[in-house]
Amino acid sequence: MKQTLIILQLFLSASLNSFAENDKQAELENQVHLLKTEIKTLKQSQQNNSSKTKILLQTVDAQAKSVDSLRLELSNIKDELEQSSSNIKKDINATNENLNSTEKAMKSAINTKSVYAGLVGLLALILSVVIFVIHKKKAYQSALDFESVDKQIASLKDEQQKLQENIVVSNDKLISAIEKQAVAVQSQSRNEEVDHSLALAVANELTRIQQNLNFMDPTVKGVSQLKNRAKAIWTTLNSKQYEIPDLIGKVYHEGDNIIATMELNEDLEEGTNRIKRVIKPQVSYNGKLIQTAEIVVEYNE
């Protein structure tokens with residue numbers, strides 16, 4: 001009878017432990033579902049902000065090209081003005097020489113002819129001054145146009161700054177959601193059968209966010225803090241035996257176990273290539289590859 005009671009007690013204890021494990025598993029699955037929904041919403045917001053950033057950057061590039069063109073035009077006008085000033089000085093000197101010659105030749109002439117010579121010299125001088133003033137006015141107008149373009153560029157930079165700050169806020173929310181997922185990954189027991197889906201979702205999202213942050217101005221408020229938080233999440237994954245190498249800037253070799261999209265870049269040195277962007281990171285667990293990297297490689301033949 002005593003043995004029967006002991007067996008019954010052990011059976012009840014095992015059943016209670018099983019129910020507790022099932023409740024814990026259900027709670028984790030519910031948490032993962034909620035986090036995935038939140039990330040999907042934030043991801044859509046991030047894509048919209050990225051599109052706005054791309055349009056703004058294109059506008060800034062166009063304005064920059066316009067400024068370069070105006071600067072070149074202003075430089076040409078300046079050269080023309082200097083040339084015109086030089087020509088005017090030569091004309092004035094030539095006119096003065098002619099006046100001197102005329103004065104010497106007409107010393108014996110009557111007073112009326114002397115007056116005419118003086119009028120001719122005065123008219124030549126007035127004409128020279130008028131030409132000089134016209135060229136000065138053109139140069140001043142060009143300077144005003146250049147100042148207007150500078151103001152437009154400053155305004156665009158302010159808009160870009162505000163947009164980047166909005167992107168930082170959006171990425172902050174995404175990082176917060178990923179941090180929760182990383183905590184869920186860290187809480188997985190070593191004795192349980194490992195489900196890599198959550199860890200891969202964290203790695204994929206974190207890679208995309210980190211690349212966006214690398215393209216942003218580091219002086220924008222919040223960028224450096226987000227980079228530090230992302231680094232902490234990578235450390236958490238590494239502590240759970242996940243290995244995610246940094247592929248940006250590395251050389252791609254044909255035959256690597258990587259899915260690569262090639263893009264021609266004639267600015268690179270001939271015969272070279274480098275990994276430009278990572279779409280999905282390479283992920284290994286306990287030394288075993290569990291996700292193949294998807295990358296974009298720029299090259300020059």
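The values are calculated or read from the model by the stated rules, or taken from the named source; none is laboratory data. Just so you know, these numbers come straight off a predicted model, no measurement behind them. Don't worry about glycine lacking a Cβ; one is built from the backbone with ideal geometry, like all the others, and counts go over all protein chains shown. Protein only, heavy atoms only, side chains kept; ligands, DNA and RNA dropped before computing areas. Shrake-Rupley method; radii C 1.70, N 1.55, O 1.52, S 1.80 Å.
A few remarks follow.
- Some residue of region 223-241 being touching a residue at least 12 places away in the same chain (Cβ under 8 Å) and part of a strand (DSSP E or B): no
- Note on region 275-294: residues that are assigned to a strand (DSSP E or B), within 14 Å of Thr207 (Cβ to Cβ) and out of contact with any Phe, Trp or Tyr (no Cβ under 7 Å at 6 or more places or on another chain) amount to 8.
- One residue from Glu243, Glu263, Glu269 being under 21 Å from Gln291 (Cα atoms) and either hydrophobic (A, V, I, L, M, F, W, C) or open to solvent by 50 Å² or more (accessible area, probe 1.4 Å) (or both): Glu243
- Ser197 being of a type in the set (Ser, Thr, Tyr), over 18 Å from the mean Cα position of the chain (by Cα) and under 21 Å from Val278 (Cα atoms): yes
- For region 283-299, the criterion of being open to solvent by less than 60 Å² (accessible area, probe 1.4 Å), acidic (Asp, Glu) and over 25 Å from Val194 (Cα atoms) is met by at least one residue.
- Contact map, region 144-165: residues that are at pLDDT 80 or above paired with residues that are among the charged types (D, E, K, R) and surrounded by 13 or more Cβ atoms within 10 Å (Cβ to Cβ), Cβ distance under 9 Å, separation 6+ or inter-chain. No pairs are found.
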